[in-house]
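Engineer: Below you'll find the structure I mean.
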């Protein structure tokens with residue numbers, strides 16, 4: 001303790017330089033983490049916002065909403081196991097639309113839900129859709145930038161169906177495309193047009209959905225798996241990572257984050273190793289006058305800890321500043337739990353970086369102090 | 001008269017290119033309280049080995065080292081560390097102070113390592129610095145001190161934990177004649193007044209008159225010459 005702090009006070013320049021490097025790395029770690037989290041949320045916000053634990057999907061759909069087809073029957077079976085209140089049908093369809101009177105097309109994701117159920121997002125503007133009404137939709141706020149307002153009529157390119165925007169919701173998207181919410185009636189309407197167009201041989205008398213959102217405990221989940229032979233019970237996390245583009249995007253960002261951790265660990269390792277080698281005769285003297293190796297090791301570890309923790313604190317302040325000046329279109333999300341996790345990982349990696357120096361310190365012989373001319 | 005440092009039949013060998021080389025051969029030495037013994041010898045005669053063994057830095061192949069009557073053989077590393085901290089005061093060539101500690105902090109460090117009570121430590125530091133005439137330099141860093149001052153700080157550091165034995169490794173090597181004389185005179189005085197057994201390895205013949213005994217390291221043993 002005593003040695004560590006006094007040394008840093010004495011050789012300020014050396015330690016300030018390394019702490020600036022650490023500060024920049026820590027800042028980058030937090031920034032990229034925030035960006036990764038932000039993109040993850042922006043990508044899959046609608047699914048993440050859903051208060052479900054699992055989704056029931058068709059077998060062999062690879063956990064993908066858009067590939068899965070679930071019949072009304074499955075919905076009923078699921079309700080009998082987990083209870084009617086904890087089951088909600090969900091339709092997901094990625095499509096292209098045009099707004100009446102506007103030039104240009106929009107890529108959106110249609111989400112068919114029960115407006116009275118718990119999948120219904122929170123309204124921020126306009127009027128909510130109802131279970132009985134027809135032709136009314138809620139759209140994500142982002143569509144405002146494309147000139148969509150309350151009362152705008154949207155035309156689905158594939159089916160030719162028309163809906164009127166009745167209200168706006170916030171942070172609702174699927175695979176980075178803004179979400180459009182419709183009620184079950186409109187959803188079935190859409191299904192029918194699509195099916196007749198594909199002239200499928202199958203007769204669809206029942207309503208169909210893409211998935212069923214459930215709130216289930218482990219026991220109920222097992223029951224569902226047993227009863228629903230043709231379906232698969234997918235956890236929310238799995239469903240999210242199967243959204244097109246999600247895994248790829250997160251994968252590359254996580255690779256950057258992991259590399260930053262490794263870099264910070266190596267930067268510290270090299271810095272402290274070189275300093276330790278420079279000071280080896282000094283450590284020899286300290287050992288000769290009766291300093292225990294453990295004391296010197298703690299001293300090195302404390303310096304590493306102070307440097308990494310100090311840089312983290314400053315970089316957190318910088319992140320706060322950066323976050324406030326980032327443009328709103330930039331998805332950036334850094335919750336305190338993420339900060340805590342990232343920071344502890346950073347400190348642990350830094351300490352791992354000091355292991356080489358610690359090993360060096362334990363190897364230094366006190367004996368070297370005798371017969372030496374220079375300090 | 002009490003002997004605070006006793007070396008009994010010390011033997012030490014080195015493996016040197018496949019050949020066993022005996023550096024110390026049944027070396028015996030008793031240093032009494034208040035005595036300063038000078039050890040001379042050509043380079044390679046084993047002075048450093050002798051000092052390392054006396055200072056609990058090196059375990060001899062044979063023989064016993066007794067500090068205040070207590071043997072230090074068979075101790076583990078930590079116990080030896082503690083023995084060096086409490087029983088032995090080292091004074092190295094060219095002082096070897098810690099560059100980033102002020103004069104008084106050099107002594108505080110030793111007090112802290114020995115878990116000395118803070119008030120007691122502060123008092124002792126003042127006493128020692130007074131005694132060695134360093135009071136006006138107490139908050140200077142080592143690089144601002146003269147060679148003689150540095151060596152005086154080293155003596156103060158060695159005395160801080162009130163050790164039984166003072167071991168000096170060519171303390172005058174980097175000093176001019178008169179500064180060297182001052183430092184050795186101080187060492188002799190402190191040993192006498194505080195009742196330490198002091199051993200100084202040296203090449204410097206000018207300081208020999210200040211020592212109580214002068215021994216020569218020859219053929220692995222210590223011989224007295226008049």
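Engineer: Cβ-Cβ below 7 Å, separation at least six or inter-chain, first residue in the range A:140-154 and on the phi < 0 side of the Ramachandran plot, second assigned to a loop (DSSP other than H, G, I, E, B) and at pLDDT 90 or above: which pairs?
Structural biologist: Hits for this filter: A:140/A:172; A:141/A:170.
Engineer: Would you confirm whether any residue within the range A:302-323 is touching a residue at least 40 places away in the same chain (Cβ under 8 Å), within 14 Å of another protein chain (Cβ to nearest Cβ), outside any loop (DSSP other than H, G, I, E, B) and crowded, with 19+ Cβ neighbours inside 10 Å?
Structural biologist: Yes, the range A:302-323 contains at least one residue that is touching a residue at least 40 places away in the same chain (Cβ under 8 Å), within 14 Å of another protein chain (Cβ to nearest Cβ), outside any loop (DSSP other than H, G, I, E, B) and crowded, with 19+ Cβ neighbours inside 10 Å.
Engineer: State whether the residues of the range A:351-362 include one that is surrounded by 15 or more Cβ atoms within 10 Å (Cβ to Cβ), within 14 Å of chain B (Cβ to nearest Cβ) and either at pLDDT below 90 or within 24 Å of residue A:259 (Cβ to Cβ) (or both).
Structural biologist: yes
Engineer: Please work out which residue is surrounded by the fewest Cβ atoms within 10 Å (Cβ to Cβ), limiting yourself to the range A:160-177 and to residues that are farther than 15 Å from residue A:126 by Cβ and in contact with a strand residue (DSSP E or B) (Cβ under 8 Å, 6 or more places away or on another chain).
Structural biologist: Ranking the qualifying residues of the range A:160-177, first place goes to A:162.
Engineer: In the range A:327-339, is there at least one residue being over 30 Å from residue A:250 (Cα atoms), more than 14 Å from chain B (Cβ to nearest Cβ) and in contact (Cβ under 8 Å) with a residue 12 or more places away in the chain?
Structural biologist: Scanning the range A:327-339 turns up no residue that is over 30 Å from residue A:250 (Cα atoms), more than 14 Å from chain B (Cβ to nearest Cβ) and in contact (Cβ under 8 Å) with a residue 12 or more places away in the chain.
Engineer: So, one more: Say we look at the range A:363-375 and pick out the residues that are facing chain B (nearest Cβ under 7 Å) and within 54 Å of the chain's Cα centre (by Cα); which of these is modelled with the highest pLDDT?
Structural biologist: A:366
Engineer: Next question, about the same structure. Residues B:121, B:154, B:158, B:164: which one is buried (at least 18 other Cβ atoms within 10 Å of the Cβ) and free of Cβ contacts under 8 Å to residues at least 60 places away in the same chain?
Structural biologist: Answer to the selection: B:121.
Engineer: Which is farther than 30 Å from residue A:93 by Cβ, surrounded by fewer than 19 Cβ atoms within 10 Å (Cβ to Cβ) and in contact (Cβ under 8 Å) with a residue 40 or more places away in the chain, of A:258, A:263, A:285?
Structural biologist: A:263
Engineer: Could you please give the count of residues in the range B:170-201 that are in contact with a strand residue (DSSP E or B) (Cβ under 6 Å, 6 or more places away or on another chain), at pLDDT 90 or above and outside any helix (DSSP H, G or I)?
Structural biologist: 6
Engineer: I need a count of the residues in the range B:125-155 that are away from every other protein chain (no Cβ under 14 Å) and not in a helix (DSSP H, G or I).
Structural biologist: So the count comes out to 5.
Engineer: Okay, moving on. Mind counting the residues in the range B:202-226 that are loosely packed, with under 15 Cβ neighbours inside 10 Å and in a helix (DSSP H, G or I)?
Structural biologist: Matching residues across the range B:202-226 total 4.
Engineer: Out of B:158, B:122, I need the residue that is within 12 Å of chain A (Cβ to nearest Cβ) and part of a helix (DSSP H, G or I). Which one?
Structural biologist: B:158
Engineer: Next question. Sort out which residues of the range A:1-34 are buried (at least 20 other Cβ atoms within 10 Å of the Cβ) and facing chain B (nearest Cβ under 10 Å), and write them in order of number.
Structural biologist: Within the range A:1-34, A:3, A:7 meet the criteria.
Engineer: Can you tell me how many residues in the range B:62-88 are more than 8 Å from every other protein chain (Cβ to nearest Cβ) and not in a helix (DSSP H, G or I)?
Structural biologist: Residues in the range B:62-88 being more than 8 Å from every other protein chain (Cβ to nearest Cβ) and not in a helix (DSSP H, G or I): 15 in total.
Engineer: Which of the residues belonging to the range A:266-281 are within 13 Å of chain B (Cβ to nearest Cβ) and surrounded by fewer than 21 Cβ atoms within 10 Å (Cβ to Cβ)?
Structural biologist: A:275, A:278, A:280, A:281, listed by residue number.
Engineer: Just the residues that are more than 16 Å from residue A:168 (Cβ to Cβ) and surrounded by 15 or more Cβ atoms within 10 Å (Cβ to Cβ), please, taken from the range A:134-145.
Structural biologist: A:135, the sole residue that qualifies.
Engineer: Would you confirm, using the coordinates I've provided, whether residue B:16 is farther than 28 Å from residue B:211 by Cα, more than 10 Å from chain A (Cβ to nearest Cβ) and surrounded by fewer than 21 Cβ atoms within 10 Å (Cβ to Cβ)?
Structural biologist: Judged against the criteria, residue B:16 is a match.
Engineer: Here's a follow-up. Determine if the range A:117-125 includes at least one residue that is on the phi > 0 side of the Ramachandran plot and either surrounded by 15 or more Cβ atoms within 10 Å (Cβ to Cβ) or modelled with pLDDT under 90 (or both).
Structural biologist: no
Engineer: Restrict the check to the range B:172-179 and report whether at least one residue is surrounded by 20 or more Cβ atoms within 10 Å (Cβ to Cβ), in contact with a helix residue (DSSP H, G or I) (Cβ under 7 Å, 6 or more places away or on another chain) and in contact (Cβ under 8 Å) with a residue 60 or more places away in the chain.
Structural biologist: no
Engineer: A follow-up question, please. Go through the residues of the range A:226-242 one by one and say whether even a single one is buried (at least 21 other Cβ atoms within 10 Å of the Cβ), within 22 Å of residue A:10 (Cβ to Cβ), away from chain B (no Cβ under 14 Å) and in contact with a helix residue (DSSP H, G or I) (Cβ under 8 Å, 6 or more places away or on another chain).
Structural biologist: no
Engineer: Taking the range B:1-13, which residues are crowded, with 23+ Cβ neighbours inside 10 Å and closer than 16 Å to residue B:200 by Cα?
Structural biologist: Selection gives B:4, B:5.
Engineer: Among residues belonging to the range B:89-113 that are facing chain A (nearest Cβ under 8 Å) and part of a helix (DSSP H, G or I), point out the one that is surrounded by the fewest Cβ atoms within 10 Å (Cβ to Cβ).
Structural biologist: B:112
The values are calculated or read from the model by the stated rules, or taken from the named source; none is laboratory data. Just so it is clear, the structure is predicted and the values come from calculations on it, not from any experiment. Cβ sites come from the backbone with ideal geometry, for glycine too, and all protein chains shown count toward neighbours.
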